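> Quick one: structure below, then a few questions.
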Amino acid sequence: MHKRSFTRSIYLSKERGYNDMTIDSFIKSVQDIMRQDAGVDGDAQRISQLVWMLFLKVYDAKEAEWEIFEEDYRSIIPEDLRWRNWAEDEEGMTGDELVEFVNERLFKELKDLTVDETTDKRALIVKSVFEDSYNYMKSGTLLRQVINKLNELDFEDYEDRHAINDMYETILRDLQSAGNAGEYYTPRVLTDFIIEMLNPQIGERIADFACGTGGFLVSSLKHLEKQIDTVEDRRIVQSSLFGIEKKPLPHLLCMTNMLLHDIDSPDILRDNSLSTNVRDYTEKDKYDVVAMNPPFGGVEEDGILINFPTEFRTSETADLFMTLIMYRLKETGRAGVILPDGFLFGDDNAKLAIKKKLLSEFNLHTIVRLPNGVFAPYTSISTNVLFFDKSKPTEKIDYYQVPLPEGLKNGFTKTRPLKTEHLQGVKDWWHNRDKEDKNAYSVTVEEIEESNYNLDIKNPNNGSEGKEYSLNELLTIMRDKSNNIHRLLGEISEALKGVEE
């Protein structure tokens with residue numbers, strides 16, 4: 001098969017409406033090969049295995065570009081370890097020879113690349129990616145088959161790259177079903193919506209301090225590209241995005257994602273954002289726009305907590321990230337942050353202190369309440385998007401309850417996910433808040449303070465929404481109803497006996 005035939009087939013089939021099916025079938029064919037290998041266990045490992053190979057292929061394509069436009073370009077990768085020299089020949093190494101080469105040469109040497117302060121940042125990417133990557137495949141024959149499938153992809157022109165971006169997005173979307181790996185992926189519909197509402201501009205610095213696979217950064221890039229008019233604009237955009245990711249798999253996914261979107265030197269650190277003392281941040285460490293889906297439900301070690309003032313110390317990861325954001329937002333900055341319901345109604349000392357700081361020093365102008373199932377099947381936890389800026393203290397909060405579409409009673413599912421059209425109502429309301437909308441309502445900061453900073457305000461316009469009960473309350477109600485039923489049955493039985501007599 002000629003290497004251009006796959007992407008051509010995507011674009012021919014796209015006209016007939018089969019684009020997604022072609023991409024999905026290609027990924028499935030690669031994963032079916034991996035499933036035959038005894039060393040690869042589960043979807044997360046299959047994704048990790050696929051992406052380090054895809055990274056090397058993408059990086060090799062980028063190097064081909066840099067060699068054309070830069071006369072003095074020199075690759076940091078040893079010549080015989082470059083993708084073009086060991087992987088592109090479909091009749092090349094295979095079997096035990098290939099596995100030994102990958103494990104004993106490729107990985108070891110790329111992990112041990114010598115770098116210093118003078119090393120090209122583009123070269124640093126390779127070392128940072130391979131320091132925590134692994135080759136899980138044990139069969140060199142199957143590994144060769146996967147490599148040959150990847151060589152059907154081509155990066156030579158815009159349309160091909162667009163198709164490969166679609167394929168990569170499908171890979172990332174699969175993370176939602178890949179066990180705990182689902183925490184690294186935020187549905188693109190949601191990242192696009194949040195970035196559209198934040199409306200970053202060329203020249204502004206944009207950050208995600210737990211960037212996962214880079215969804216918010218890609219959405220920001222797509223938003224900024226519409227504003228690019230000059231070469232200088234493009235140069236500015238290239239250096240406007242910043243991310244930090246703690247774990248190796250999403251870091252690898254994010255770096256590859258950035259390269260696929262033509263960010264030649266992604267500023268994505270492999271680190272824990274919470275490991276720096278928030279008191280040490282200066283103006284140069286602050287950002288115009290912060291968009292995040294902080295990991296929630298996680299627990300941080302005691303050594304991390306000392307990086308925060310005493311009143312904000314908590315083991316809950318999402319709460320610490322909220323504090324971090326407030327310390328790293330510029331005076332004119334704005335943020336969009338996804339948080340679970342637990343942050344809204346939580347009343348422990350740290351949560352209360354965080355919410356008091358948020359309302360007194362920032363303008364928490366909007367809370368968008370998302371329906372159940374937005375992150376299905378990874379989690380069913382109810383979530384919200386908090387939009388705030390540093391323009392003034394909060395005076396009132398506008399809420400918008402995104403309704404479930406007709407036919408979905410219990411929330412979105414894997415087969416019926418959140419789509420762009422489901423957010424059209426909140427988009428229309430956003431720019432015209434005076435217009436009556438049954439899904440919108442407002443609460444003053446005084447009311448929030450009187451309720452002990454409970455932000456979990458239900459929609460008063462929804463008359464069908466009843467009281468929410470705890471598990472113990474529900475059990476008590478069920479027990480009482482059961483006792484009443486037994487009592488009534490006894491009375492009926494006694495009455496019937498009287499009639500018979």
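> Hey, what did segment 224-377 get for relative contact order, percent, Cα under 8 Å, at least 6 apart? Before the final figure, lay out each step's value.
Details: 157 pairs, mean separation 29.1, N = 154.
Across segment 224-377, relative contact order equals 19 percent.
> Take peptides 212-225, 275-288 and line them up by average Cβ neighbours within 10 Å, highest first, as a rough protection proxy.
Result, highest mean first: 212-225, 275-288.
> Something else: Pop a pseudo-label 7 angstrom from the Cα along the beta-carbon direction at both ALA38 and ASP112 and give the gap in nm to one decimal.
Simple spin-label model gives 2.9 nm for this pair.
> With the crude spin-label approximation of a point 7 Å out along Cα→Cβ, what separation in nm comes out for TYR73 versus GLU97?
Here the modelled spin labels are 3.0 nm apart.
> Something else now. Remind me, relative contact order of the chain in percent, using alpha carbon pairs under 8 angstrom and six or more residues apart?
On the way: 723 pairs, mean separation 54.4, N = 501.
The value is 11 percent.
> Return the subset of LYS246/LYS357; LYS351/LYS435; LYS247/LYS409; LYS57/LYS108; LYS127/LYS330 for which the Cα-Cα distance in this structure is over 30 Å, preserving the input order.
Values: LYS246/LYS357 26 Å; LYS351/LYS435 33 Å; LYS247/LYS409 36 Å; LYS57/LYS108 18 Å; LYS127/LYS330 32 Å.
From the list (LYS246/LYS357; LYS351/LYS435; LYS247/LYS409; LYS57/LYS108; LYS127/LYS330), the Cα-Cα distance tops 30 Å for LYS351/LYS435; LYS247/LYS409; LYS127/LYS330.
> So, one more: Can you give me the accessible area per residue for segment 237-290, using a 1.4 Å probe, in Å²?
Working: 1860 Å² over 54 residues.
So segment 237-290 comes to 34 Å² accessible per residue, rounded to a whole number.
> Further, regarding this structure: Label segment 154-308 by shape, choosing from rounded, prolate and oblate, from the square roots a ≥ b ≥ c of the eigenvalues of the Cα gyration tensor; if a/c is under 1.5 it is rounded, and otherwise prolate applies when a/b is larger than b/c, oblate when it is not. It would help to have the intermediate numbers written out before the result.
Values: a/c = 1.96, a/b = 1.25, b/c = 1.57.
Since a/c reaches 1.5 but b/c is at least a/b, the shape of segment 154-308 is classed as oblate.
> Please figure out what share of the DSSP beta bridges in segment 335-401 is antiparallel and state it in percent, rounded to the nearest 5.
Beta bridges within segment 335-401, antiparallel portion: roughly 75 percent.
> So if I take the centroid of the Cα atoms in segment 81-112 and the same for segment 270-290, what is the distance between those two points in Å?
Each part reduced to its Cα centre gives a spacing of 39 Å.
> Turning to a different aspect of this structure: Counting only protein heavy atoms, what percent of the accessible surface of the chain is carbon or sulfur at a 1.4 Å probe?
It is 49 percent, rounded to a whole number.
> May I pose another question? What does the charge add up to near GLY298, with Lys and Arg as +1, Asp and Glu as -1, over the other residues with Cβ less than 12 Å from its Cβ?
Numbers: positive: LYS246, LYS247; negative: GLU183, GLU300, GLU301, GLU316, ASP319.
Summing Lys and Arg as +1 and Asp and Glu as -1 gives -3.
> So what is the relative contact order of segment 295-407, in percent, for Cα pairs below 8 Å that sit 6 or more residues apart?
Working: 183 pairs, mean separation 29.9, N = 113.
Taking the mean separation of contacting Cα pairs over the length of segment 295-407, I get 26 percent.
> Another question, then. Mind pulling the angle between the C-alpha long axis of helix 248-260 and the longest principal axis of the chain? Nearest 10 degrees, somewhere in 0 to 90.
60
> Take every DSSP beta bridge with both residues inside the chain and express the antiparallel ones as a percent of the total, to the nearest 5. Could the numbers behind the result be given before it?
Details: 19 of 36 bridges.
Rounded to the nearest five, the antiparallel share is 55 percent.
> Follow-up question, since we're still on this one. Report, for segment 240-344, the % of DSSP beta bridges that are antiparallel, rounded to 5.
Values: 1 of 9 bridges.
For segment 240-344, the DSSP antiparallel bridge percentage is about 10.
> Which value in deg cm²/dmol, rounded to the nearest 500, describes the helix-derived mean residue ellipticity at 222 nm for the chain, given -39,500 (n - 2.57) per DSSP H run of n ≥ 4 and division by the residue count? Write down the numbers at each step before the final one.
On the way: 20 runs with 226 residues, N = 501.
Helix contribution divided over all residues of the chain: -14000 deg cm²/dmol.
> Would you give the gap between the C-alpha center of segment 222-264 and the C-alpha center of segment 369-411, rounded to a whole Å?
27
> Can you give the local net charge around ASN384? Use residues other than it whose beta-carbon is closer than 10 angstrom to its beta-carbon, Lys and Arg +1, Asp and Glu -1.
Values: positive: ARG369; negative: ASP341, ASP456.
For residues surrounding ASN384, the net value is -1.
> Using the Cα atoms of the chain, I'd like the radius of gyration and the largest Cα-Cα distance, Dmax, both in angstrom.
For the chain, the Cα-based Rg and Dmax read 26.6, 110 Å.
> When the chain is fully extended, how far beyond the present Cα-Cα distance does ASP348 get from ASP89, taking 0.36 nm per residue of separation? Please list the in-between numbers first.
Numbers: separation 259, 0.36 × 259 = 93.24 nm, distance 6.07 nm.
Taking 0.36 nm per residue and subtracting the Cα distance, the gain is 87.2 nm.
> Further, regarding this structure: May I ask you to rank ASP262, ASP72 by accessible area, largest first, using a 1.4 Å probe over the protein chains only? Could the numbers behind the result be given before it?
Details: ASP262 65, ASP72 120 Å².
I get ASP72, ASP262, largest accessible area first.
> Taking the Cβ-Cβ separation of ASP341 and SER451 as r and a Förster radius of 25 Å, what is the calculated FRET efficiency to the nearest 0.05?
Numbers: r = 15 Å, r/R0 = 0.60.
The calculated FRET efficiency here is 0.95.
> Quick check for me: using +1 on Lys/Arg Cβ and -1 on Asp/Glu Cβ, what's the dipole size of the chain about its Cα centre, in debye to the nearest 20?
Values: 62 positive and 91 negative charges, 200 e Å.
It works out to roughly 960 debye.
> Right, next: For the pair THR170 and ILE306, what calculated FRET efficiency results from E = 1/(1 + (r/R0)^6), where r is the Cβ-Cβ distance and R0 = 51 Å, to the nearest 0.05?
Values: r = 42 Å, r/R0 = 0.82.
E between ILE306 and THR170, to the nearest 0.05, is 0.75.
> Considering just Cα atoms, how many Å³ per residue does the convex hull of segment 320-374 enclose? Can you show the working numbers first?
Working: hull volume 5.1 nm³, N = 55.
Here the figure is 93 Å³ per residue.
> Between THR444 and LEU408, take the C-beta separation as r, use R0 = 51 Å, and let me know the FRET efficiency to the nearest 0.05. Please report the intermediate quantities before stating the final value.
Details: r = 33 Å, r/R0 = 0.64.
The computed FRET efficiency comes out at 0.95.
The values are calculated or read from the model by the stated rules, or taken from the named source; none is laboratory data. A quick note: this is a predicted structure, and the numbers were derived from the prediction, not measured. Every residue, glycine among them, receives a Cβ derived from its backbone with ideal geometry; neighbour counts consider all protein chains shown. When the accessible area is computed, the model is the full protein with side chains, heavy atoms only, and any ligands, DNA or RNA have been set aside. Shrake-Rupley method; radii C 1.70, N 1.55, O 1.52, S 1.80 Å.
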